[in-house]
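Written below as structure tokens is the structure these notes are about.
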Amino acid sequence: MFGYYLDLALRSLKRNKALTALMVLAIALGIGTSMTTLTVMHVLSGDPIPQKSAQLFRVRMNVFPDDSFRPGDKVPDNLTRRDVEALLRDARADRQAAMSAGAMVVAAQGEPLRVATRYTGADFFPMFDVPMRYGRAWSRADDASRARVAVISSVLNEQLFGGVDSVGKTLQVGEQSLRIVGVLGDWNMNPRFYDLSNGQFGDSEQVFLPLSTALDLKLSSSGSTNCWSRTNDARAADAPCIWLQYWAELDTPAKAATYRQYLQNYIALQQQAGRFSHAGQAEALDVMQWLDAKGVVPADVRLQTWLALGFLGICLLNTVGLLLAKFLRRSGEIGVRRALGASRRAIFLQCLVEAGVVGLAGGVLGLALAALGLVLVRHQPTDYAAYIHMDLRMLLATFVLALASSLLAGLLPAWRAMQVAPAVALKSN
Amino acid sequence: MQIKPILSALKKHRLATFLIAMEIALACAVLCNAVFMIANRLTAMNLDSGVDESSLGAITVTGFDPAQATDLNARMVAGLRAVPGVESAQVISSVPFGAQSLVAGISLDPSGKKTPAVVQFYQGAPGTIDALGLKLEAGRLPATSDYQPLSGQEYFPAVSPVLVTRALAEHLWPGQNPLGREFWMAKWQFRVIGVLSHLSVSQYTEYAEQGAEWTVFVPTLPGGQLAGTYLIRAKPQDIESVMTTARAAVAKIAPEVVLDHENSHSVSFLRERFFRTDRAMAGMLVGVIVALLGVTALGIVGLASFWVAQRRKQIGIRRAIGATRGDILRYFQTENFLIVTFGIALGMALAFVLNAVLMKFYELPHLPLYYLPVGALALWALGQLAVLGPALRAANVPPVVATRSV
């Protein structure tokens, strides 16, 4: 029966080519724009580390002294060095790493290179599943001894050493030399969820070295630093400044619950110690909660998505109108079919098949338009432009959306078509 | 033209009429808000930086030892002045649309408990004000003695005479004379000696609680923290070639530093880059509007054509009993006008709902009322244009059709 309906639908669509083209075009335009913006949304709100996003937690605290504390303020993202060192000492998570972004100038042939740097701990690499091409990450012992070691990216390894195994070579930073212990494999997190304050999208850092070493060498760090009273050195051990990011890995939900309790106890102890008299705040957000809290998807992108969906709505209304016109124009034909014994259900299905064919055709054209739209998006001056691409799921979603919206648009006209009274339709013919 | 027969005809096609009207309503709502958003972006893009953008550029270098700042500044300024075409080269903290620097909350009393404004501090050596082309509106420009050195790693002198913009003065001391007023940032004290007409911040986001022109100019001698960024002035027609030469010259002037390629450009270029996303968004909105109006028009054409075909016989009868072609044409035009009017009425309400939602999530201002009549006119015009073809076809139906049976 379906084959027959399909044949009828194709014949009917061929009969009025202009109207068919109009409907297909309307659906294609709506689907094309919607899928373009939805793909951008999909990429931007995607899970950057699906295998571990439920086990990695960003730790945030509010330990402001009373005169800087404002109730109702958001919990600050960063921690003081004092709290970070306490948490690292306790080491209650399966793995934990404090970190900060920085930049330094390394000697190279020709012009010196300015490279983005991450100061962190040994746990960083297993926590974030960072692959190593050569050598390995530094050890916790290196953290403790402030070893002059570094891990470099494969890009920098290519630039400085021509891509050969550079483990054991030195990286010259001003007067200091760092021993290279490892070279990263390809590793880019987009969005760069582990530190959203220094560019949410982009390549990973070129150099990684122990935070303790960076502090020892007084290397400059970048990123948000917030001090609540005067200080000469915002990086000092007891500085009244929040500037360090802290991540913990907790492998089971039970451990996460225990860890959250530990954080509450820690805050309560700080309050008892007299650092502040308000209740304080401490929380651990998993990766998706953290991305959500930071609003990684730009407001413009959300706006574009709503606009596109509104546009799809208009296109569908348009299709409803045109399908209605098309079906009712065939009242006579429908009357004949009804008089010959077709049930209302059969008419309804026949109309829906026709709508579905229009939808699929619109989906194919819409996919082409979406591909074109994504090319335009990739040429936009945004930091995420390079990472936007359509994956298999979005490809399937295109057809599902096209089919679903055309069937939705077909419902009402098909309903009206099946209501055609055979006698009246035959008579008026 | 009688409206009543049209209305009763439409009543027989309630569903189709309603669909077209809804389409017009949605189009009206999206059209008004999209045009409004474009207007907002364009206003933001017209930000007056207060400086002679077309003659200015910045060179930024990093990676030098802070202890060498004074020596570096001297070499850089001398070296850049020697570049052919450079009219002046000065040490400056930042330029409008360049890298953001020295942004901080200020307070009107030394305790620093309340911060009524987050401002950007510009620091510049003697001659910077002239080179930037800043316009003084009240008070006086800093004298030579007002330019103080920075000691050690301090950001400002202990007490500085400063220039503030008119916008910042109005924000801090509304309706009062700002000259002689004082404000604080951490331990540093500032006294207003003059008011600038305009000077925009480097990096402006409309979502931050920061005015686009909340800026302070602190006269400072180069050295210490004030090092690494250099303002270049050249003739507007030369600026791009001068900047290219200047960028290349840095490697010879100071081989030990790293040129910040990102931030070493003419101010015109930096401005263009800064507003690139706004322009892209405005472009995309224009695209949406065009597609929207196109689809709506096509929908009207499609449905009107269907109706004309359906009523061929009735049209023929009307023509046979004396209706002129004009009557038939006007019938379809009036019918379209009625449907579109119905849609617009709905659309105006929808436009305000949409605006309210946008205001909630995107900090957009209120939709001005005059957008509605303009939007209505546009849609009426669109409807009339779209229906013209089918209506003309209807007017051409010969009366003889009445006598034929299908």
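Observations on the model:
- DSSP H segments from chain A that extend 15 Å or more along their own axis, Cα-based, with Kyte-Doolittle mean of -0.5 or above: A:2-15, A:17-44, A:299-329, A:344-378, A:392-418
- Residue with peak Gaussian network fluctuation, chain B [Cα springs, cutoff 10 Å], from B:Gly322, B:Gly299, B:Gly224: B:Gly322
- Structure-based [θ]222 nm, chain A - -39500 (n - 2.57) summed over DSSP H runs of at least 4, per residue, nearest 500: -16500 deg cm²/dmol
- Each part gets one Cα centre, and for the range B:91-108 versus the range A:312-352 those centres are 66 Å apart.
- Ordered by the count of other Cβ atoms within 10 Å of each Cβ, fewest first, B:His13, A:His42, B:His261 give B:His261, A:His42, B:His13.
- Here the simple spin-label model places points 7 Å from the Cα toward Cβ, and for B:Glu363 and B:Lys135 these points are separated by 2.8 nm.
- Using a Förster distance of 51 Å, the FRET efficiency for B:Glu154-B:Leu377 (Cβ separation, nearest 0.05): 0.25
- Cβ-isolated cysteines (cut-off 4.7 Å), the protein assembly as shown: A:Cys315, A:Cys351, B:Cys28, B:Cys32
- Leading residue at positive end of dipole, the protein assembly as shown (Cβ point charges), from B:Ala131, B:Gln176, A:Val84: B:Gln176
- Cβ-based charge dipole, the range A:25-97, positive-most Cα from A:Gly72, A:Val59, A:Ile27: A:Val59
- The magnitude of the dipole of the protein assembly as shown, with charges of +1 and -1 set on the Cβ of Lys/Arg and Asp/Glu and taken from the Cα centre, is near 5140 debye.
- Straightening the chain between A:Trp415 and A:Ser277 buys 42.9 nm, computed as 0.36 nm per residue apart minus the Cα-Cα spacing.
- DSSP H segments from chain B that extend 30 Å or more along their own axis, Cα-based, with Kyte-Doolittle mean of 0.5 or above: B:14-45, B:276-310, B:325-362, B:371-395
- Mean projected area in nm² (Cα convex hull; one quarter of hull surface) for the protein assembly as shown: 44.3 nm²
- Taking every alpha-carbon pair under 8 Å whose residues sit at least 6 apart, the range A:57-160 reaches a relative contact order of 16 percent.
- Fully extending the segment from B:Met45 to B:Ala248, taken as 0.36 nm per residue of separation minus the present Cα-Cα distance, adds 70.0 nm.
- Straight-distance candidates among the lysines for linking to A:Lys218, with alpha-carbon spacing under 30 Å and chain neighbours fewer than 8 residues away dropped: A:Lys169, A:Lys294, B:Lys187, B:Lys252.
- Each helix, a run of at least 4 DSSP H residues, gives -39500 (n - 2.57); summed and divided by the residues of chain B, these come to -16500 deg cm²/dmol at 222 nm.
- Net charge dipole, the range A:56-294: roughly 320 debye, given to the nearest 20, about the Cα centre with Cβ charges of +1 for Lys and Arg and -1 for Asp and Glu.
- The orientation-averaged projection of the convex hull spanning the C-alpha atoms of chain B amounts to 27.3 square nanometres.
- Multiplying the residue separation of A:Arg70 and A:Arg345 by 0.36 nm and subtracting their alpha-carbon distance yields 92.5 nm.
- Peptide-level mean, for A:19-31, of C-beta atoms on other protein chains within 10 Å: 2
- Calculated Rg and Dmax of the range B:257-402 using C-alpha coordinates, Å: 24.2, 93
- Karplus-derived HN-Hα couplings along the range A:58-73 (A = 6.51, B = -1.76, C = 1.60, θ = phi - 60°), whole Hz, x at Gly and Pro: 8, 9, 10, 9, 10, 10, 4, x, 3, 6, 9, 8, 10, x, x, 5
- Stokes-Einstein D in µm²/s, Kirkwood radius over Cα pairs - chain A at 37 °C with 0.692 mPa s viscosity: 127 µm²/s
- For the range B:23-168, the relative contact order is 17 percent, taking Cα pairs closer than 8 Å that sit 6 or more residues apart in sequence and dividing their mean separation by the residue count.
- Equivalent-ellipsoid semi-axes of the range A:56-294, from the Cα gyration tensor, Å, largest first: 32, 19, 16
- In this simple spin-label approximation, A:Lys294 and B:Lys11 carry label points 7 Å from Cα along the Cα→Cβ vector, and these lie 6.3 nm apart.
- Calculated SAXS-style log₁₀ I(q)/I(0) at q = 0.10, 0.16, 0.17 Å⁻¹ - the range A:261-420, Debye, Cα scatterers: -0.61, -0.97, -1.03
- Using the Cβ-Cβ distance between A:Val155 and A:Gln264 with R0 set to 45 Å, the FRET efficiency works out to roughly 0.60.
- Span from the the range B:372-406 Cα centroid across to the the range B:226-283 one, whole angstrom: 58 Å
- Alpha-carbon centroids, the range A:57-103 and the range B:331-356: separation in whole Å: 55 Å
- With semi-axes defined as the square roots of five times the eigenvalues of the C-alpha gyration tensor, the equivalent ellipsoid of the range A:117-193 measures 18, 17, 11 Å, largest first.
- Estimated inter-spin distance, A:Ala257 and A:Leu426, nm [label 7 Å along Cα→Cβ]: 7.2 nm
- On the basis of the beta-carbon distance and an R0 of 35 Å, A:Ser229 and A:Thr170 show a calculated FRET efficiency of 0.30.
- Listed by chain and number, the aspartates and glutamates whose alpha-carbon sits under 16 Å from that of B:Lys135, ignoring those within fewer than 8 places in the same chain, are B:Asp48, B:Asp52, B:Glu53, B:Glu213.
- Dipole magnitude of chain B, debye to nearest 20 (Cβ charges: Lys/Arg +1, Asp/Glu -1, about Cα centre): 2960 debye
- Inverse of mean 1/r across different Cα pairs in the range B:184-333, Kirkwood, Å: 23.0 Å
- Charge dipole of the range A:56-294 about the Cα centre (unit charges at C-beta), most positive-ward option of A:Gln281, A:Met189, A:Trp228: A:Trp228
- Using C-alpha pairs under 8 Å with a sequence gap of at least 6, the mean separation divided by the residue count of the range A:250-392 gives a relative contact order of 9 percent.
Quick note: the coordinates plus some simple rules give every number you see, no bench work behind them. In this text, all values refer to a predicted model and were calculated from it rather than measured experimentally. Every residue, glycine as well, gets a Cβ built from its backbone with ideal geometry; the counts of neighbours run over all protein chains shown.
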